[in-house]
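The values are calculated or read from the model by the stated rules, or taken from the named source; none is laboratory data. From a predicted model like this one, the values you see are computed outputs, not experimental measurements. Reconstructed Cβ throughout: ideal geometry from the backbone, glycine too, with neighbour counts over all protein chains shown.
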Amino acid sequence: MWKGRFSQPTSQLVQSYGESVSFDWRLYAHDIRGSIAQSKGLLKAGIITADEQAAIEKGLLEIRHEIETGNFEFKESLEDVHMNIESELTRRIGPAGAKLHTARSRNDQVATDVRLYTRDAVDEIVAHIRGLQRALVEAAVRSGSAVVPGYTHLQRGQPVLFAHHLLAYVEMLGRDAERLGDAGRRLNVSPLGSGALAGSTIILDREFMARQLGFSGVTQNSMDAVSDRDFAAEVLFDIALCGVHLSRLSEDVILWCSAEFGFVTLSDAHTTGSSLMPQKKNPDVAELTRGKSGRLIGNLMALLTLLKGLPMTYNRDMQEDKEPLFDSIDTIKAALAVFAEMIAGMEVNEARTRAATSDPMLLATDLADYLVNHGVPFRSAHEVIGKLVAHSIAEKVAFADIPLAKYQEFSPAFATDLFACLNLETALAARKGIGAPSPQNVAAQIERWKGELS
Ligand code: ARG
């Protein structure tokens, strides 16, 4: 493409070092869409005739069909997807093909292609997020009235409906989808027509071309337009954070299906066995996801690091944006899909959750609240219950089995109705403030999410 200025061919090593077609071939559909818009812009500006535009469009659509049916040969010697498609087009249709690149550079071309690709990817990821949210809401419904200890510091804290725990992840994923939607809106502007860095003396109707591509507007600074990869960094961040959420869910699932917790059972289809220990049933999907979240963070770091030292405008370093972007998109889509399946096959073991929540200590806060309701300042109530906890442990006696007279030695505010608050159902139902896990609230949240996800 640049043979005019050079007297030596490119070294073999440079060629294989610098090629990107082995990974950017997957931009082909977006590249072809961008080129058709370009050809329409050229027609509108009177640079090509209607016949030439028709030949370009037809040729590009044929090439796309051949790529999709596996009948197109990408050549490393043509470096990238853009030059592969353009040179094949010109080989087929002649001079009209050679006019396509008028007032265009690969710099605005690749920026356009990657935006289009990322825009589609965002929609696909959001659809996968919705799928996992639905699976979690359904699991919450299936878990019914199962109660688990809620933990802080991985120490038992207070009782919650298992559904409430699952819905916490539905919230996180909801923010992930929103963030991706924001990024999707911000990236939806067209760089096409920015040329190499300074536009062109041949004026194309950029807004017209942008509309052909479904962009909501055009970029306003040609230098920024060709060198901006903020949108890719944003999407990589959004994916990395979604990966972190999946990693936390993974950790919960791994704990839940250990013998120590035993709160859930995963289906055979979503676990693996051991080649040595016949009894094993391992939560590999969750472990792999926890591991892959590291890659997602790494991809974000790779892109930010590659961008930080770049002067204006396009630098070849930027070719390195694609592999991390593609990898993160592929990885998060796969993780979300397999997680949705795994969660759909996850069953709660109520015998184990009941055993865990029969720990009377889970209701220590409720006893403190009882004292507060009887006029004791919370700090004093906290101390009184702390002493009662110590007594309960030392004497190996549960709260429910301590006689009223003993309670009254700790605080005269205790009366017989204290025993009512030692009941798990009562304790849960009492947590009825906004966002708290009373069964009524949780049912309402399930309905809200069902509505949002339908
Ligand atoms: N393959 C290149 C990339 O992905 C396309 C842009 C090349 N532009 C250039 N001036 N060499 O960044």
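Structure summary
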item: Residue pairs meeting the criteria (Cβ under 6 Å; at least 6 apart or on separate chains; first closer than 17 Å to residue 74 by Cα and of a type in the set (Ser, Thr, Tyr), in the range 10-22; second at pLDDT 95 or above and assigned to a helix (DSSP H, G or I)); result: 20/319
item: Search result, residues across the range 61-82 that are outside any helix (DSSP H, G or I), more than 16 Å from the ligand (Cβ to nearest atom) and charged (D, E, K, R); result: 73
item: Per-region count, the range 65-123, residues basic (Lys, Arg), surrounded by 23 or more Cβ atoms within 10 Å (Cβ to Cβ) and within 30 Å of residue 332 (Cβ to Cβ); result: 1
item: Residues of the range 102-161 classified as in contact (Cβ under 8 Å) with a residue 12 or more places away in the chain and assigned to a helix (DSSP H, G or I), total; result: 36
item: Any hit, the range 210-229, residues being farther than 16 Å from residue 111 by Cβ, surrounded by fewer than 17 Cβ atoms within 10 Å (Cβ to Cβ) and in contact with a helix residue (DSSP H, G or I) (Cβ under 6 Å, 6 or more places away or on another chain); result: no
item: First in the range 427-442 and part of a loop (DSSP other than H, G, I, E, B), second anywhere and surrounded by 14 or more Cβ atoms within 10 Å (Cβ to Cβ) and hydroxyl-bearing (Ser, Thr, Tyr), Cβ under 9 Å, 6 or more apart; result: 430/438; 431/438; 432/438
item: Test: residue in the range 303-311 that is crowded, with 21+ Cβ neighbours inside 10 Å, within 16 Å of the ligand (Cβ to nearest atom) and at pLDDT 95 or above; result: yes
item: Residue match in the range 315-328 (condition: away from the ligand (no atom under 16 Å from the Cβ) and at pLDDT 95 or above); result: yes
item: Of residues in the range 16-48 being closer than 19 Å to residue 88 by Cα and of a type in the set (S, T, N, Q), the one surrounded by the fewest Cβ atoms within 10 Å (Cβ to Cβ); result: 22
item: Test: residue 450 is exposed (fewer than 15 other Cβ atoms within 10 Å of the Cβ) and closer than 30 Å to residue 128 by Cβ; result: yes
item: Test: residue in the range 86-94 that is within 17 Å of residue 185 (Cβ to Cβ), assigned to a helix (DSSP H, G or I), among the small types (Gly, Ala, Ser) and touching a residue at least 24 places away in the same chain (Cβ under 8 Å); result: no
item: Residue match in the range 171-180 (condition: in contact (Cβ under 8 Å) with a residue 40 or more places away in the chain, within 16 Å of the ligand (Cβ to nearest atom) and outside any loop (DSSP other than H, G, I, E, B)); result: no
item: Selection from the range 1-59 of residues that are within 16 Å of the ligand (Cβ to nearest atom), β-branched (Val, Ile, Thr) and either within 15 Å of residue 81 (Cα to Cα) or modelled with pLDDT of 95 or more (or both); result: 14, 21, 32
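Okay, residues lined up against (1) of a type outside the set (Val, Ile, Thr); (2) within 18 Å of residue 421 (Cβ to Cβ); (3) surrounded by 14 or more Cβ atoms within 10 Å (Cβ to Cβ); (4) without any contact (Cβ under 8 Å) to a residue 24 or more places away in the chain:
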{"position": "351", "(1), (2), (3), (4)": "yes, no, no, yes"}
{"position": "356", "(1), (2), (3), (4)": "yes, no, yes, no"}
{"position": "365", "(1), (2), (3), (4)": "no, yes, yes, no"}
{"position": "369", "(1), (2), (3), (4)": "yes, yes, yes, no"}
{"position": "373", "(1), (2), (3), (4)": "yes, yes, no, yes"}
{"position": "378", "(1), (2), (3), (4)": "yes, yes, no, yes"}
{"position": "389", "(1), (2), (3), (4)": "no, yes, yes, no"}
{"position": "396", "(1), (2), (3), (4)": "yes, no, no, yes"}
{"position": "401", "(1), (2), (3), (4)": "yes, yes, no, yes"}
